[in-house]
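Asker: Before I ask anything, here is the structure I am working with.
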């Protein structure tokens, strides 16, 4: 959940350790899943842009984990919970749609590489897209590091205590994590050389935009002081637009 809050009391040390180990297994599984999708769908291992993306993915995950282990290991454990507990129906649907379309984009990009559906995208465009993938990952990571309650599902974590803040990227937009994910998700198909993969990537972005609107409404209704924050930081995703 992309909620800006400050760190309160940590959960039990044993629960935190179990959660961290669970999250580590989840992330290893994600990396293997992404690698399997890219190389099986493309039918080749010499797809160097796919290797570059996996490298960006793994470096980002490791850097994020190292920082969070130092400043907020409880968040790692919290993110391991996933959809456990109370989850709003719209959040489950939109979160699942975003995840599914993100995977479909990888499948389509791999099949495009295998069968040559798209015209050759110039290397210059692919390199620019690579930069945006890195920037998107970095911006989302900055949001996560700045926000002690950057959990997966949308829920008000009353047991941990919510206090709305406007630090880090939350000074600019109210949902910077989603900004990063949208930017990297839309740039990735071009980095991988697939125009057709922009279709599922675009659907994934639409799911996040709708989720942003519903989450923002939930926060204004249920999280103390968020309404005041929303009046100071007017835009949800794009300064000057929305």
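Asker: Find the residue count for segment 26-51, including only residues that are assigned to a helix (DSSP H, G or I), free of Cβ contacts under 8 Å to residues at least 12 places away in the same chain and farther than 21 Å from residue 100 by Cβ.
Answerer: Matching residues across segment 26-51 total 2.
Asker: To continue, here is another question. If residue 227 passes every condition in (1) free of Cβ contacts under 8 Å to residues at least 24 places away in the same chain; (2) within 30 Å of residue 128 (Cβ to Cβ); (3) touching a helix residue (DSSP H, G or I) at 6+ places or on another chain (Cβ under 6 Å) but one, which one does it miss?
Answerer: With respect to (1) free of Cβ contacts under 8 Å to residues at least 24 places away in the same chain; (2) within 30 Å of residue 128 (Cβ to Cβ); (3) touching a helix residue (DSSP H, G or I) at 6+ places or on another chain (Cβ under 6 Å), residue 227 is out only on (2).
Asker: Right, another one. For residues in segment 99-127 being surrounded by 14 or more Cβ atoms within 10 Å (Cβ to Cβ) and within 19 Å of the chain's Cα centre (by Cα), which is farthest from residue 192 (Cα to Cα)?
Answerer: Taking the candidates together, the pick is 100.
Asker: If you don't mind, there's one more thing I want to ask. Would you check if there is a residue in segment 36-53 being more than 20 Å from residue 191 (Cβ to Cβ), at pLDDT 80 or above and surrounded by 13 or more Cβ atoms within 10 Å (Cβ to Cβ)? Break it down stepwise before answering.
Answerer: Start the filter on segment 36-53 by keeping residues that are more than 20 Å from residue 191 (Cβ to Cβ), which leaves none.
Checked segment 36-53: no residue is more than 20 Å from residue 191 (Cβ to Cβ), at pLDDT 80 or above and surrounded by 13 or more Cβ atoms within 10 Å (Cβ to Cβ).
Asker: For segment 218-231, indicate whether the set of residues that are buried (at least 22 other Cβ atoms within 10 Å of the Cβ) and within 23 Å of residue 96 (Cβ to Cβ) is non-empty.
Answerer: yes
Asker: Which one of these is within 22 Å of residue 57 (Cβ to Cβ) and either surrounded by fewer than 23 Cβ atoms within 10 Å (Cβ to Cβ) or free of Cβ contacts under 8 Å to residues at least 40 places away in the same chain (or both): 201, 140, 197, 151? Steps first, answer last, please.
Answerer: Values: 201 fails: either surrounded by fewer than 23 Cβ atoms within 10 Å (Cβ to Cβ) or free of Cβ contacts under 8 Å to residues at least 40 places away in the same chain (or both); 140 fails: either surrounded by fewer than 23 Cβ atoms within 10 Å (Cβ to Cβ) or free of Cβ contacts under 8 Å to residues at least 40 places away in the same chain (or both); 197 fails: either surrounded by fewer than 23 Cβ atoms within 10 Å (Cβ to Cβ) or free of Cβ contacts under 8 Å to residues at least 40 places away in the same chain (or both).
After ruling out the rest, the residue left standing is 151.
Asker: Taking the criterion of being buried (at least 21 other Cβ atoms within 10 Å of the Cβ) and in contact (Cβ under 8 Å) with a residue 40 or more places away in the chain, would at least one residue in segment 83-92 satisfy it? Step through it out loud before you land on a result.
Answerer: Within segment 83-92, the subset buried (at least 21 other Cβ atoms within 10 Å of the Cβ) is none.
The answer is no; no qualifying residue exists.
The values are calculated or read from the model by the stated rules, or taken from the named source; none is laboratory data. Just so it is clear, the model here is predicted, and its values are computed rather than measured. Cβ atoms come from the backbone with ideal geometry, glycine included; neighbour counts cover every protein chain shown.
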